[in-house]
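Chemist: Have a look at the structure that comes next, please.
Bear in mind these aren't lab numbers, they're just calculated from the coordinates by the rules spelled out. These figures come from a predicted structure and were not determined experimentally. Here Cβ is always computed from backbone atoms with ideal geometry, including for glycine, and neighbour counts include all displayed protein chains.
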Amino acid sequence: MTRRKTYLEIRAEVQSRYPSGATPGGVSVDDIAQLRLQNSYDTHLDIARDMAKVMRADMAAYDADTSKFTQSLGCWSGFHAQQMIKSVKRMRGTAKGTYVYLSGWMVAGLRNRWGHLPDQSMHEKTAVAELINEIYVSLRQADEVAINDLFKVLKAAKTDAERDAAIAAIDGFESHVVPIIADIDAGFGNEHATYLLAKELIKAGACALQIENQVSDAKQCGHQDGKVTVPREDFIEKLRACRLAFEEMGVDDGVIVARTDSLGAGLTQKVPVSQQPGDLAWEYNKWLKTEQITEANPIREGELALFQGGEFVKPARLANGLFPFRDGTGRQRVIEDCIAVLSQGGADLLWIETDTPNVDEIAGMVNEIRKEVPGAKLTYNNSPSFNWTLNLRKQVRAQWLAEGRITAADYPEDNALMKADYDATDLGREADARLQRFQADISARAGVFHNLITLPTFHLTAKSMDELSRGYFGEQKMLAYVATVQREEIRRGISAVKHQHEVGSDLGDAFKEMVAGERALKAGGHANTMNQFAAE
């Protein structure tokens, strides 16, 4: 990262311009130094350059020690991202290893002008860059508010020791700004459209772009049916488009996450042209579902034929013109996808979209990939589309049955296993223990550098509003708000309980003092009701 100048260094620079301690208009050198520290980045492109270096350093640390995996939560507003980072800093004392994930699903569902839309790239693509920009505005404002509070301590210092401690706190401040991994879907068009959009996301601050190998105009959520993949050379061209965007914008360390949906995608839109056996097109086409050409099944006018295995065959074709792959080939196609994008596409991280959370399944694929590309690393979607409780309980049940620890009659095999009745059982506790260590296990055994949850704030907002609404519009009335929201905010030390301060009221007062001195009309006087929380 770019080294941040210390308070005394900045103050000395300003003082050299204004030896009297103030500008000709009466602006204090101290106030200028404070504002320069609060405004730590000139542009969000500077953020992208810095955060790319952070991600590269984190990837190197993970290579040395797989317990140093990174995490993120998907956020659909700047406020969600800000509160997440504040919570992590409050708990750990640092936000290192924490990123923000920007989900295309949530942009489609919640942050576009056309209403709540499915994850099919139907929303306006400019909304993605706008949300990245909003998130960094919020994270930077969190810095401003926090640094302003530190300067209030400095201004109140009465001894040299107090002043030195206050300056040390200012210089040791850790920014709320963290890397964003931004979902660019399938690129919203051809490779040139992908490049143009990638530049906008990078200018907004994205240091990492996640792109998937689906067809742009037929894109589906990774956990829905009907997914259609593109030939590998087509996908590699989009990866190159992203790399060119990073290079053009001077983000030399930009990170590309190449996602394959082939495990659940059984269709392709086109049959690529193979120049020789073993090339990318040949490897892609070999998995197509084909039919032998016989007298009973002749080639007809307008049909395609492929020469495979020494004979001509017909690739199966649906009424919509799409070509299906042979059943059961998804796993091998995933492995080949990953090897191709790492070895020929310049991807930095892989994303394998799976239909269940199974460490053994993912580790098995990664082990195959690493035979060809040692050190391959993944980003993994700990998706809310999985029924985690049911999946993990079924995994435990199957293992214990195989080991003879239980009989089939001890626990049901169907969805009844989800019931709360099994929460306190041995099986329920074991499944929860595996949930708790799932990210550590998958990072150690399956090369997962980054664990994320795509849609947590979507579900959290729905649950929290249901919880509050049930009580407030039901029997509890005001107790519902106080007991479920405010009291918990106070006891956990959540800064948003002082909502005026959270959105910059004290920041505004400080600026008014800088320009108006004693004439400043401030909001933070004795009549401010936020003072009720001063002791908390």
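Chemist: How big, on average over all directions, is the shadow cast by the Cα convex hull of region 452-527, in nm²?
Modeler: Over all viewing directions, region 452-527 projects a mean Cα-hull area of 8.0 nm².
Chemist: Moving on to the next point. Restrict the search to region 425-527; then list the GluC sites (Glu not before Pro) that DSSP places in a loop and that have at most 12 other Cβ atoms within 10 Å of their Cβ.
Modeler: Loop-located and lightly packed - 475.
Chemist: I would also like to ask the following. Which shape class, rounded, prolate or oblate, goes with region 340-401 when its Cα gyration tensor gives a ≥ b ≥ c as root eigenvalues, a/c under 1.5 marks rounded, and past that a/b bigger than b/c marks prolate?
Modeler: The shape class here is oblate.
Chemist: Local charge sum around residue 207 (other residues, Cβ-Cβ under 9 Å, Lys/Arg +1, Asp/Glu -1)?
Modeler: Every neighbour counted, the sum reads 0.
Chemist: If packing is taken as the mean number of other Cβ atoms within 10 Å per residue, what is the order of 265-272, 177-184, highest first?
Modeler: Ranked by mean Cβ neighbours within 10 Å, highest first: 177-184, 265-272.
Chemist: Is the C-alpha gyration tensor of region 326-448 telling us rounded, prolate or oblate? Criteria: a/c under 1.5 is rounded; beyond that, a/b larger than b/c is prolate, otherwise oblate.
Modeler: prolate
Chemist: Between region 406-454 and region 333-387, how many Å separate their Cα centres?
Modeler: With region 406-454 and region 333-387 each reduced to a Cα centre, they are spaced 21 Å.
Chemist: Multiplying the sequence separation of residue 296 and residue 500 by 0.36 nm and subtracting their Cα-Cα distance, what value in nm do you get?
Modeler: 65.6 nm
Chemist: Right, something else. So for the chain: antiparallel DSSP bridges make up what percent, rounded to the nearest 5? Spell out each step's value before the answer.
Modeler: Numbers: 11 of 42 bridges.
If we restrict to bridges inside the chain, about 25 percent are antiparallel.
Chemist: Exactly which chymotrypsin sites (Phe, Trp or Tyr not before Pro) in region 15-116 are in a DSSP loop and have at most 15 other Cβ atoms within 10 Å?
Modeler: Numbers: sites: 41, 62, 69, 76, 79, 99, 101, 105, 114; in loops: 41, 69, 76, 114.
Those satisfying the criteria are 114.
Chemist: Related question: Give the relative contact order (percent, whole number) for region 338-451; include only Cα pairs under 8 Å separated by 6+ residues.
Modeler: So the answer I get is 36 percent.
Chemist: Net charge within 11 Å of residue 354 by Cβ-Cβ distance, Lys/Arg positive one each and Asp/Glu negative one each, not counting residue 354 itself?
Modeler: Charge balance in the 11 Å sphere: -3.
Chemist: Cα to Cα, under 30 Å, and not fewer than 8 places away if on the same chain: which lysines meet these conditions relative to residue 155?
Modeler: Straight-distance partners of residue 155: 5, 86, 89, 96, 498, 512, 522.
Chemist: Hey, which lysines would be in cross-link range of residue 394, C-alpha to C-alpha under 17 Å, not counting anything within fewer than 8 residues on its own chain?
Modeler: Within reach: 419.
Chemist: Of the chymotrypsin sites (Phe, Trp or Tyr not before Pro) in region 445-501, which ones lie in a loop per DSSP and count no more than 10 other C-beta atoms within 10 Å?
Modeler: Answer in residue order: 473.
Chemist: Here's something else I'd like to know. So which lysines can residue 270 reach, going by Cα to Cα under 27 Å and dropping same-chain residues fewer than 8 places off?
Modeler: 125, 219, 227, 238, 286, 289, 314
Chemist: PRE reach from residue 356 (point 7 Å along Cα→Cβ): which of region 365-405 fall under 17 Å by backbone N?
Modeler: 365, 382-403
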